[in-house]
Amino acid sequence: LAGLKLDGTGLEVNVLVTAASGGVGQYAVQLLKLANAHITATFGARNMDLVRILGADEVLDYKAPNGVALKSPSGRKYDVIIHCAHNIPWSTLEANLTSKGKRTSNSKAEEAWAKSIDGHATGNILVEP
């Protein structure tokens, strides 16, 4: 996602955000919307309105058949998958990527969170227009 312009002038990329109603997912959806991304978001059924308000273009209840398979309702493959959920096999993610698609994981975020609980967190988050 490096290089995405947050002013809406960049090329549209098709992005899947798993667990989009969680903390990291909510942040990702909002930033991606600023970057002109077409966003498909997974969520628990009670959070559909939330992810739509945040900017998701397509929504997938992770318990519904399309949600389990991570299939875009419009049939699009994903250029990028921001993987914030647990227990989704790589094969499911990979099957939905374009040939040059990329997957990101929040494992570094989880590691940073664990360190922060111990009082060892350092670093910055920079968002530039």
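The values are calculated or read from the model by the stated rules, or taken from the named source; none is laboratory data. Small disclaimer: the values here were computed from a predicted structure and weren't measured. When we count neighbours, we look across all protein chains shown, and the Cβ atoms used for this are built from the backbone with ideal geometry, even at glycine. Just so you know, the surface numbers come from the protein's heavy atoms only, side chains and all, with ligands and any DNA or RNA stripped out. Shrake-Rupley method; radii C 1.70, N 1.55, O 1.52, S 1.80 Å.
Sorting 30-37, 6-13 by average packing, meaning the other beta carbons within 10 Å per residue, from highest down gives 30-37, 6-13.
What accessible area per residue, rounded to a whole number of Å², is obtained for region 53-107 using a probe radius of 1.4 Å?
Details: 3240 Å² over 55 residues.
The answer is 59 Å² per residue.
Report the FRET efficiency, 1/(1 + (r/R0)^6), for LYS5 and LYS102, where r is their Cβ-Cβ distance and R0 is 25 Å, rounded to 0.05.
Working: r = 18 Å, r/R0 = 0.70.
Efficiency, rounded to the nearest 0.05: 0.90.
What's the carbon and sulfur percent of region 13-107's accessible surface, probe 1.4 angstrom, rounded to a whole number? Display every interim value, and only then the final one.
Details: 2590 of 4790 Å².
Within region 13-107, the accessible surface is 54 percent carbon and sulfur.
Pairs with C-alpha atoms separated by more than 23 Å, drawn from the list LYS5/LYS71; LYS71/LYS102; LYS5/LYS102; LYS5/LYS100, are LYS5/LYS71.
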